[in-house]
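The values are calculated or read from the model by the stated rules, or taken from the named source; none is laboratory data. If you're wondering where the values come from, they're calculated on a predicted model, not measured in any experiment. All Cβ positions, even for glycine, are placed from backbone atoms using ideal geometry, and neighbour counts span all protein chains on display.
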Amino acid sequence: MTDVNDCPEFFELMEALCCDSITPEQRARLTGFLSSDQKFQRAYFQYLHMHVCLRRALGGAGAAERSSAPPVQADKPRGIPMLLPPAARTSHRFVFLAAGMAAALVALVVFLRHAAPPAAVSVPIATLTNEQGCVWDSDVSIQRGARLNPGRLILSSGVAQLTFSSGAVAVLEAPAEFELISAARAFLHSGRVVVRAENKSQGFIVDTARAEVLDLGTEFGVAVDPTGETLVQVYDGMIEAGLKAAHVTSRDKKRLLAGQAMEIEEGASRALAFSDDRFIRRLPDPPADKLSEQWLIPYNKDRVDSINVVRAPGRVTIDGNLSDWDVSGVFKSHCAEPYAANYNVKGYMMSDSHFLYIGAHVRDPSPMRSVIDPGTDPNVGWKGGSVQVRLSTDRSAGWPAGGDLFMKKGQTRTPKDVSNKLAHITMWYYRPTGQPCLHVEYGMDFHGMQMNPQGYQGAYTKDADGRGYTMEYAIPWSLLNAESDPPQAGDTLAACWNVHWSDEGGRLWKGYLVDVLNPKEEGYTHARAATWGKAIFRK
């Protein structure tokens with residue numbers, strides 16, 4: 001606004017203030033004016049000064065004391081210089097003017113101190129500059145180009161690139177909770193993020209529950225697992241990591257250089273081997289046509305509600321070759337077009353008195369490329385290309401299975417929710433070491449995690465054309481808490497299959513297939529065991 005006189009509402013509010021008839025709503029409105037522009041503050045001084053002068057001229061000092069302006073004896077504000085020439089400061093007129101101005105200044109200070117605070121104006125501090133497969137847990141749709149205010153972001157799946165107004169770039173990998181605090185600070189509650197802050201004059205800080213990571217002009221990654229354990233790795237430059245704990249002092253800071261990594265748990269730290277593939281550092285530029293084939297996510301429409309678990313025909317050699325399997329129990333599923341030919345699975349399950357056997361042939365344009373380290377990232381092994389099988393081994397429960405991840409407020413978990421006989425099995429090939437990995441958790445609360453436990457066997461073979469793989473695993477019933485009473489021929493239990501694909505880098509999740517489902521139930525297979533289809537154990 002160029003002229004306060006063009007705002008009659010302001011003077012109406014001032015009149016209400018001086019007449020002691022101002023309402024709470026009017027007071028809040030007046031506070032907004034005073035907080036928005038110095039022109040309104042100057043007008044406020046002038047109006048109150050005029051009001052004080054008139055009251056004194058018409059009604060004497062007593063009238064001034066009865067004025068609705070706050071009392072003059074309040075603390076005098078400091079740091080406001082007199083801008084009149086020294087000669088004027090000794091005159092009687094100046095004393096009178098100074099008294100009026102002092103009253104106005106005190107009135108403003110007291111008014112603002114007691115007025116309702118104005119509504120905070122949130123200023124965007126970052127922009128979503130790129131994304132791939134992002135699903136946000138938000139009531140508001142977050143699209144590429146969105147301006148982001150301070151606050152918490154929950155990324156359920158995909159990878160997002162955020163560019164802060166400070167110039168820092170953050171690549172956020174789901175699942176993650178990431179809180180934007182300022183243009184140079186964020187808090188990673190869970191998940192993984194890589195920050196590039198190349199402006200050495202202004203660092204960027206990533207807080208976690210266990211550490212404060214200050215960049216000193218660099219590129220670094222931070223990961224926080226579900227237990228709060230923090231992993232920090234430096235790709236370029238240098239960072240300073242301050243440890244957080246009750247017994248930790250400000251001197252407990254660690255400096256890491258490029259090529260170094262560290263794990264932080266409960267205020268203690270230990271050095272960790274550097275792995276170049278531990279984080280997603282870049283996202284490819286989006287295509288001009290967002291609907292182009294390479295930008296779509298492969299997915300499937302469920303096709304089957306059961307899988308046959310046949311008896312193993314004899315001794316099974318785990319070598320990545322299914323020629324000694326009984327493949328009569330196969331189920332087949334594929335992703336929606338145009339991906340069916342390159343993203344599909346044939347799944348097999350067998351059993352004997354000692355093992356559950358899981359085999360599959362998966363068509364995959366980037367097979368066996370996973371760089372998800374089982375030693376540091378066991379809970380996200382699925383993202384680099386994997387096969388997941390969820391299975392109930394509880395013969396007394398039958399089908400459908402019970403158990404839920406989420407509960408209503410006030411409810412407590414039931415034995416079904418935490419059953420040790422609900423197993424979540426994730427299998428992937430770790431390319432850096434050529435290791436067939438096995439990750440197992442139990443119950444719908446995902447407890448008792450085991451990573452590459454003793455007793456299992458696994459093997460992979462890449463297709464001759466380099467666009468698929470065959471995998472097979474032998475998993476002892478003891479790992480599925482069914483050693484004393486394994487499933488028998490004639491049992492119908494619960495199971496489902498998830499197949500995941502990644503890009504050629506082996507870390508960026510690209511698509512999925514979920515099948516062997518109960519058609520009568522809705523929900524996510526990781527959250528509701530009732531959604532699992534049938535595992536029919538055959539003779």
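Computed values, structure above
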quantity	calculated
Count - residues of the range 381-408 that are without any contact (Cβ under 8 Å) to a residue 24 or more places away in the chain and either within 30 Å of ARG431 (Cα to Cα) or surrounded by 22 or more Cβ atoms within 10 Å (Cβ to Cβ) (or both)	0
Per-region count, the range 258-296, residues modelled with pLDDT under 85, assigned to a strand (DSSP E or B) and either within 29 Å of LEU128 (Cα to Cα) or aliphatic (A, V, I, L, M) (or both)	1
Matching residues, the range 307-349, being polar (S, T, N, Q) and within 20 Å of TYR512 (Cβ to Cβ)	SER333, ASN342, ASN344
ASP364 charged (D, E, K, R) and modelled with pLDDT under 95	no
Hits in the range 320-339 (condition: surrounded by fewer than 17 Cβ atoms within 10 Å (Cβ to Cβ), aliphatic (A, V, I, L, M) and closer than 18 Å to PHE537 by Cα)	VAL327
Single residue of PRO400, PRO367, PRO374, PRO436 found to be closer than 29 Å to ALA312 by Cβ and within 26 Å of the chain's Cα centre (by Cα)	PRO374
Which numbered condition GLY228 fails, given (1) at pLDDT below 90; (2) more than 13 Å from ALA209 (Cβ to Cβ); (3) of a type outside the set (Val, Ile, Thr)	(2)
Pairs where the first residue, in the range 482-497, is β-branched (Val, Ile, Thr) and the second is part of a loop (DSSP other than H, G, I, E, B), C-beta under 8 Å, 6+ apart	THR492/GLY398; THR492/TRP399
Output for the range 314-328, where each listed residue is at pLDDT 95 or above and either assigned to a loop (DSSP other than H, G, I, E, B) or touching an Asp or Glu at 6+ places or on another chain (Cβ under 8 Å) (or both)	VAL316, THR317, ILE318, ASP319, GLY320, ASN321, LEU322, TRP325, ASP326, VAL327, SER328
From the options GLY511, GLY490, GLY523, residue that is over 19 Å from PRO400 (Cα atoms), among the small types (Gly, Ala, Ser) and surrounded by fewer than 23 Cβ atoms within 10 Å (Cβ to Cβ)	GLY511
Pairs, first in contact (Cβ under 8 Å) with a residue 12 or more places away in the chain in the range 362-374, second in a strand (DSSP E or B) and among the charged types (D, E, K, R), C-beta under 7 Å, six or more apart	PRO367/LYS462; MET368/LYS462
Any pair with Cβ under 9 angstrom, 6 or more apart, that starts in the range 462-475 at a residue that is modelled with pLDDT of 95 or more and ends at one that is of a type in the set (Asp, Glu) and loosely packed, with under 15 Cβ neighbours inside 10 Å	GLU472/ASP319
Number of positions in the range 208-231 that are part of a strand (DSSP E or B) and either within 15 Å of the chain's Cα centre (by Cα) or farther than 11 Å from VAL195 by Cα (or both)	8
Inter-residue pairs, beta-carbon under 8 Å, first in the same structural domain as ALA397 (by TED's automatic domain parsing) and in the range 524-539, second outside any loop (DSSP other than H, G, I, E, B) and aromatic (Phe, Trp, Tyr), 6+ apart	THR525/TRP532
Where a residue in the range 409-431 is more than 20 Å from ALA495 (Cα to Cα) and its partner, wherever it lies, is of a type in the set (Val, Ile, Thr), with Cβ under 9 Å and at least six apart	TYR430/VAL371; TYR430/ILE372; ARG431/VAL371
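Per-residue answers, yes or no, for (1) more than 19 Å from GLY375 (Cβ to Cβ); (2) not basic (Lys, Arg):
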{"site": "GLY217", "(1), (2)": "yes, yes"}
{"site": "LEU231", "(1), (2)": "no, yes"}
{"site": "ASP236", "(1), (2)": "yes, yes"}
{"site": "ALA241", "(1), (2)": "yes, yes"}
{"site": "LYS254", "(1), (2)": "yes, no"}
{"site": "ALA268", "(1), (2)": "no, yes"}
